[in-house]
Every structure is written in C-alpha cells, then in structure tokens.
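Only one structure is covered here, and it is reproduced in the block below.
The values are calculated or read from the model by the stated rules, or taken from the named source; none is laboratory data. Not measured: the values here are computed from a predicted model. No Cβ is skipped: glycine too gets one built from the backbone with ideal geometry, and neighbour counts run over all protein chains shown. Remember, those area values only see protein heavy atoms, side chains included, never the ligands or the DNA or RNA. Shrake-Rupley method; radii C 1.70, N 1.55, O 1.52, S 1.80 Å.
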Amino acid sequence: MTPPRTLADAIGRARLVFFVGKGGVGKTTLAAACALADAARAPARLLGTDPAETLGRVLEADLRTETAVAPGLVARQLDPEGAAGEFRREYGEVLASIIEGGTYLAAEDARRLASLSLPGIDEVLALLELADPARGPEGGRTFVDTAPSLHAQRLLALPAAFGAAVRVLDSMRAKARVVEETLSGRVAETDADRFLGRLQHGLAALRAALSEASAGLILVATPEDDSVAEATRLAGELARQGLSPLAIVLNLCDGERPCCDRGALRAWRREEAARALAERHPDVPLFRLERLAEAPVGLASLGALGKSLLAAAPAPPPSAAPRPNVRISAAPLPVVLPGSIATARLVLVGGKGGVGKTTVAAALATSRAASSAGGRVLLASVGAPGGLSRVLESPVAGSPGPVGGATNLDAIEVDALERFGALKAEFRSDVEAALDRLLGRGRNLDLAYDREIARGLLELTPPGVDEIAGLAFLAAGGDDYAAVVLDTAPTGHLLRFLEMPALARSWLALVLSLLGRYPELASASALDRTLSALRRVRKIADWMADRERTALVAVALPERIPADETVRLRERATRAGVPPAVVVVNRVESASSCPDCSGRRTAHLDVVDRLAASVAPVPLYVIPESLDEPRGLPRLAGLPFLAVTARTAA
C-alpha cells in the first residue's frame with residue numbers, strides 16, 4: 001500500500017471522520033480546522049458530540065441548531081439529552097404499548113418503564129443523525145469532534161448496546177403478534193411495528209456508516225507520556241471494534257529552539273514521548289503540528305490551520321537523543337489544603353480533559369492520607385484505565401487495595417461498564433431460575449418469548465445508570481474510609497454524573513416496584529440486589545447533597561478554553577447542588593529570568609486573574625508547571641497548591 005503523501009491523502013475516501021484522543025489534546029480545534037479546509041473541496045458537515053460543547057466556542061458561533069458557519073460548511077453541536085426528550089415525547093406511547101403488549105405489566109407500569117428506558121438513547125440518536133444520508137453533505141464528508149477517549153470509545157460501541165435493547169423490544173412485539181394472530185387469525189401492521197422498523201433501519205444505516213469502508217479515525221495526541229499511553233490504549237480498544245486510525249496527529253509540538261535550560265529539558269522530554277508514539281504505531285502515518293503562539297479561535301485562524309494541516313506531509317520518525325545535561329531542582333513545598341478539602345469525606349475532582357485531574361486527585365489523596373489520623377483514604381478513578389497506575393507508579397486494580405509505600409492510602413480504578421455488566425449477568429441468572437421454577441409448576445407461559453424479554457430487562461436501563469451502578473461500591477465501602485477522593489470523567493460527563501442519582505433512584509425504584517408487583521418473575525436474590533442498589537444510590541445522592549461531607553475541586557489550565565469550561569462547570573455543578581469548593585489552575589509557568597518563559601508566565605497569570613474574578617468567591621489555587629512529570633508518592637506529596645489572592649501570590 002502506497003504511503004499517503006499528505007493528511008488529505010490519509011483521510012482518502014472516508015465519508016465520516018472522527019477525531020479521537022485524550023482530553024486536552026486539541027481534537028475540537030483540529031476537527032474544526034480540517035472541516036473548514038475540506039469544505040473548499042466539497043460541501044462538509046461538522047458535528048460536536050462532546051457534552052462539554054467546546055465546538056461553538058472554538059468557532060465563535062451558536063451551534064444549537066445546524067448553522068452555515070462558512071461557505072460549504074454547516075456545523076452543529078449535538079444535544080443528545082434534548083433529542084432523547086423529543087424522542088420520548090413523540091414515541092413514548094408507542095414504546096409503552098410495546099412493553100404492555102409483550103409483558104405482564106399493567107398500562108401504568110409500562111408507561112413508567114417507557115419514560116425511563118433505553119440505554120444510551122440520547123447518544124444513539126446523535127449517532128443516528130450521523131448515518132442519515134438526507135442530512136449529510138452530498139459528495140462531502142462529515143467531521144466529528146468526540147468526547148475524551150473513554151467516552152468516545154463508548155460512543156462508538158453504542159450501536160451494539162442499543163441493538164440489544166431493540167431486540168428485547170422486538171421480542172415483546174413478537175409475543176404480542178402471536179397473541180393477536182391466535183385471537184383474530186391475522187396480524188395488521190401497527191405504529192409499534194413501524195416504530196421498530198425505523199429503529200432497525202437506523203441502526204443498520206449506522207453500522208454501515210461506521211464500517212471500515214466509510215468511517216475513519218484521526219487519533220490526536222500531544223508529546224506527553226500520559227497522552228501517548230492513552231492514545232496507544234485507545235487505538236487498541238477501537239481496533240477491537242473494527243476501527244483503526246487513518247492517521248495520528250501529534251499536536252502542540254515544540255517548534256522553536258529551546259530558550260533556556262528549562263526549555264531544553266522540556267523539549268527533550270516531549271521528543272522522547274513523540275518517539276515512543278511513532279515506535280508504537282509504525283504503520284500509521286504520523287503528522288506533527290507545532291504549538292501556536294495563541295490557540296486558534298474563529299474562522300480565519302482555523303481555516304488557515306486546516307489548509308496547512310491537510311497539505312502536511314507525514315513526519316519522519318523522531319531519532320533518539322541524549323538527555324540534556326541539565327538539573328532542575330526545587331525544594332518541595334508543604335501542601336496546605338483549603339479547609340473543606342481537608343475535611344470532606346467525598347472529594348470529587350473534575351474539569352476538562354487533559355488538565356491534570358488524575359494528578360491533582362492523587363496529590364490530594366496522598367496529602368489527606370499522610371495527615372489522616374482517623375483512618376484510611378481511598379483514591380478512586382473512573383477515567384481511562386491505567387492513568388492512576390501511571391501517576392502513582394504503583395499497580396492499581398479494579399478493587400480497593402493498598403498503594404505500595406503509602407501511609408493509609410488505598411486505590412481503585414473503576415470500570416463502571418464492567419461492573420454493571422456483572423450486575424446484569426447476575427440478574428439474568430435470577431430470572432432464569434424464576435422461569436425454571438414456573439415451568440416446573442406447569443404454568444402455561446409463552447416461555448421462549450418470556451425468557452428473552454426477562455433476560456433483557458436490564459438492557460432497557462436509562463443512559464448513565466451504568467455509571468452510577470458502577471460507583472455503588474462507594475456507598476458500600478465508603479464509610480470504611482476517612483475520605484474518598486474520586487478522579488472523575490471530563491466535564492460534560494461529570495455534569496451528567498452529578499445530575500444522575502435522581503434518575504437512577506427513579507429507575508431502581510421502578511424495577512423494585514415491578515419485581516414486588518409481579519413476584520412470579522422475581523426471586524429473593526433479585527429483590528435483594530435491586531433493593532441494595534437502590535439504597536446505595538440513595539446514599540450517594542445524600543452524600544452529594546451534603547456540603548459538609550462532599551467537596552468538588554474544579555481543575556483548569558491557564559488557557560482560555562479550559563478556563564471558560566471551568567466557569568461553565570461551576571454554573572452547572574452549582575445548579576446540580578454540588579458547587580465547587582475550590583478551583584485549581586494546573587501547570588502555571590514559574591517565575592524565570594528567561595524572556596520567553598517570563599512572557600508565557602505573564603499570559604498564564606492573565607488567565608488566572610480573569611478566572612479568579614469569574615469564580616469568586618470560590619478560592620483559587622495554582623500549581624506551578626513541573627518539568628518532571630509529578631509521579632510517585634514523593635513528588636505527589638510535595639505538589640504545591642499555592643493560594644491566589646493577587647497576581648504576586650502566584
């Protein structure tokens with residue numbers, strides 16, 4: 001196969017191009033830039049699926065509806081929750097009729113189930129829009145800006161999960177059709193049949209659109225160890241779903257000659273990360289993009305960036321170089337935590353992807369554990385697997401375990417989907433046992449249909465319940481710890497998590513009610529599992545509503561877009577009843593005699609000043625940039641949180 005001469009060649013004939021990668025690597029900027037440049041060739045469409053809604057801010061446009069942002073280019077920020085609400089308003093009664101006709105549920109119970117059901121319906125409807133040929137640009141491409149890696153991976157896997165739910169609904173409808181044919185001798189097509197046909201047709205179109213022949217991935221990374229490790233993990237996971245990257249874009253590379261000893265060491269470390277990325281993906285063309293003086297915002301700067309990027313040639317593999325003979329040392333400063341963070345039982349650490357949430361969470365947990373005379377501290381992560389292990393430089397498993405070398409500190413990396421999958425498997429086992437008992441009593445059940453329907457009940461869970469169920473361990477074991485520090489998903493999904501307990505409680509209460517009302521299909525163990533889950537979710541909700549017990553730490557970078565997103569996080573989290581207790585700005589340039597570094601520090605402090613004014617009276621702290629990755633317990637314990645009261649304090 002002939003290697004591509006440019007990034008445009010690498011994209012080739014792909015009609016659907018996803019920009020994927022770790023948070024903070026520049027996916028939104030690059031997706032917008034390439035879409036603008038490609039629109040000069042043929043009509044193009046640009047869609048944002050990240051709940052953080054950064055696309056509109058980058059384009060400086062209101063994208064709540066599909067908008068012509070430039071000649072040949074339309075753009076839209078998808079609103080999955082709004083689409084799901086519209087879907088339920090239009091089809092709620094039809095969905096309820098399918099559930100009522102195919103189960104033993106009364107009409108009211110069926111309506112309640114329909115109002116909450118269908119996993120990922122919000123995000124699936126967004127994906128169905130990608131596959132709708134009537135909405136796509138004729139002869140052109142659709143460019144998709146995705147959420148950070150773990151949620152992009154889940155988004156691309158949703159057709160299979162949603163397909164399972166549709167199969168359950170189809171089994172319900174099939175059972176009703178058998179009854180209709182038995183009673184009347186014929187079966188007429190109904191609104192329910194047409195509804196299921198629409199879903200099945202849309203899913204088939206989506207699968208075709210996501211096929212290797214039609215869709216392609218642009219894997220975006222930065223020359224940093226964590227970004228390279230996550231890009232490699234993500235590429236492997238997506239390859240198992242049948243999706244391989246067309247190209248890798250290494251963004252934010254250092255182009256200028258190092259300005260000082262600090263700059264020389266920084267440049268060497270970043271080149272080593274770039275070399276590792278190229279070695280791990282030797283068959284994927286790698287394109288390098290230098291860091292710009294200012295992040296491109298608006299049509300003019302984005303269009304120019306996209307034109308140069310699409311025309312760029314693949315970069316040669318970086319060569320190994322010796323480490324500069326430079327030693328940068330600084331005495332660790334004592335970590336002084338703000339009062340609420342030092343005493344809260346549940347500390348949530350959130351912010352835009354790539355701002356260093358995991359590092360901040362690990363530093364806070366390490367400090368709390370070292371100063372905790374009353375018990376152990378649990379550090380938990382729901383981010384991409386392996387991130388916590390890399391920061392701690394200690395293996396972290398899927399169940400709480402001690403961190404080697406730490407005092408009073410346990411850690412866990414939570415795979416919420418895996419935990420919820422185990423819960424579903426246990427539920428199916430309970431249902432199978434109940435149906436076997438009924439069959440043994442000679443009950444005249446439509447067994448083939450009833451087995452399929454009952455097995456699939458948990459396939460109809462509403463979006464987000466899996467995440468809450470996966471974190472139910474907090475309620476089960478959280479009281480065993482003096483504090484739990486939770487490294488959360490990036491902003492958009494954190495906000496859904498904060499708003500989720502109410503929906504999860506409604507869903508579990510409904511399931512419990514149904515199991516109690518229809519005991520023939522229940523079992524003592526199924527009732528116990530559901531009741532236990534409901535109690536745990538209630539406990540999490542109560543914790544998050546208790547401001548003395550729970551504190552939210554919002555993490556940002558000294559850059560415009562992460563700072564703007566932090567302001568949005570504060571507003572939404574406050575409405576959800578969990579206002580930030582503190583804002584932390586990470587990687588602020590330290591004072592230096594080097595003119596270039598001093599200029600970067602001035603720019604950083606301008607952002608810090610504006611953010612401090614926007615979030616007041618919430619206290620704001622900064623963490624100086626570290627040339628060495630702050631990894632391992634000694635470095636984390638000495639990570640300084642410096643209070644900002646005026647510019648000179650930073």
Worksheet item: Points 7 angstrom from Cα along the Cβ direction at GLU393 and THR574: gap in nanometres?
Response: 4.1
Discussion item. Taking the alpha-carbon distance from LYS539 and a cut-off under 24 Å, which lysines remain once sequence neighbours fewer than 8 residues away in the same chain are dropped?
Written reply: LYS424
Worksheet entry | Positive minus negative residues near ILE248 (Lys, Arg vs Asp, Glu; Cβ under 11 Å) | +1
Worksheet item: Which order, highest average first, do 363-370, 557-564 follow once you tally other Cβ atoms within 10 Å for each residue and take the mean per peptide?
Response: 363-370, 557-564
Worksheet item: So, by mean Cβ neighbours within 10 angstrom, what's the order for 32-40, 585-593 with the highest one leading?
Response: 32-40, 585-593
Worksheet item: Can you list the residues, at least 5 places off or on another chain, whose amide H is less than 5 Å from the amide H of ARG141, using H built in the peptide plane?
Response: ARG45
Discussion item. Starting from the 7 Å offset along Cα-to-Cβ, what nm value, one decimal, do you get for the label separation of GLN200 and THR6?
Written reply: 4.5
Practice prompt. Order ASP145, ASP193, ASP9, most accessible first, counting only protein heavy atoms with a 1.4 angstrom probe.
Written response: ASP9, ASP193, ASP145
Item to complete: Net charge near ALA482: determine it from the other residues with C-beta under 13 Å of the C-beta of ALA482, scoring Lys and Arg +1 and Asp and Glu -1.
Response: +1
Response to the item:
Residue-ordered couplings for region 582-593, obtained by feeding phi - 60° into the Karplus form 6.51 cos²θ - 1.76 cosθ + 1.60 and rounding to whole Hz (Gly and Pro as x), are 7, 10, 10, 9, 8, 6, 7, 4, 7, 4, 8, 7
Item to complete: Using θ = phi - 60° and the Karplus relation 6.51 cos²θ - 1.76 cosθ + 1.60, list the HN-Hα couplings for region 603-614 in order, rounded to whole Hz, with x at every Gly or Pro.
Response: 4, 4, 5, 4, 5, 4, 4, 5, 5, 4, 5, 6
Practice prompt. Compute the length gained on full extension between GLU181 and ASP479: take 0.36 nm times their separation in residues and subtract their Cα-Cα distance, giving the result in nm to one decimal.
Written response: 101.7 nm
Fill in: Other-chain or far-sequence residues with amide H under 5 Å of ALA556's (modelled H)
VAL584, VAL585, ASN586
Worksheet, complete the sentence: Taking placed amide H atoms and a strict 5 Å upper bound, the residues 5 or more places from ASP254 or on another chain that come that close are ARG291
Worksheet item: By the scheme Lys and Arg +1, Asp and Glu -1, what is the net charge of all other residues having a beta-carbon under 13 Å from that of THR359?
Response: -3
Worksheet entry | Cα gyration tensor, region 215-300 - rounded (a/c under 1.5), prolate or oblate | oblate
Fill in: SER214-CYS594 pseudo-label distance in nm [points 7 Å out on the Cα-to-Cβ vector]
5.0
Item to complete: List, in order, the whole-Hz ³J(HN,Hα) value for each residue of region 47-54 obtained from phi through the Karplus relation with A = 6.51, B = -1.76, C = 1.60 and θ = phi - 60°; use x for Gly and Pro.
Response: 10, x, 10, 6, x, 5, 6, 7
Response to the item:
In whole angstrom, the spacing between the Cα centers of region 575-650 and region 208-238 equals 31
Worksheet item: Taking 0.36 nm per intervening residue step and subtracting the Cα-Cα distance, what contour gain separates ASP62 from ARG167 on full extension?
Response: 34.0 nm
Discussion item. For a quick check of your reading of the filter: which GluC sites (Glu not before Pro) in region 186-287 sit in a DSSP loop and have no more than 11 other Cβ atoms within 10 Å?
Written reply: GLU189, GLU212, GLU256
Discussion item. As a test question: what accessible area, to the nearest 10 Å², does PHE287 have when a 1.4 Å probe is rolled over all protein chains in place?
Written reply: 0
Discussion item. At 1.4 Å probe size, what's the solvent-accessible area of THR407? Round to the nearest 10 Å².
Written reply: 90
Item to complete: Can you tell me the FRET efficiency between ASP542 and ALA42 if r is taken as the Cβ-Cβ distance and R0 is 45 Å, rounded to the nearest 0.05?
Response: 0.25
Worksheet item: Order of 609-615, 293-299, 45-51 by packing, highest average Cβ count within 10 Å first?
Response: 45-51, 609-615, 293-299
Item to complete: Using Cα positions and a limit of under 17 Å, work out the lysines in reach of LYS307, with same-chain residues fewer than 8 apart set aside.
Response: LYS27
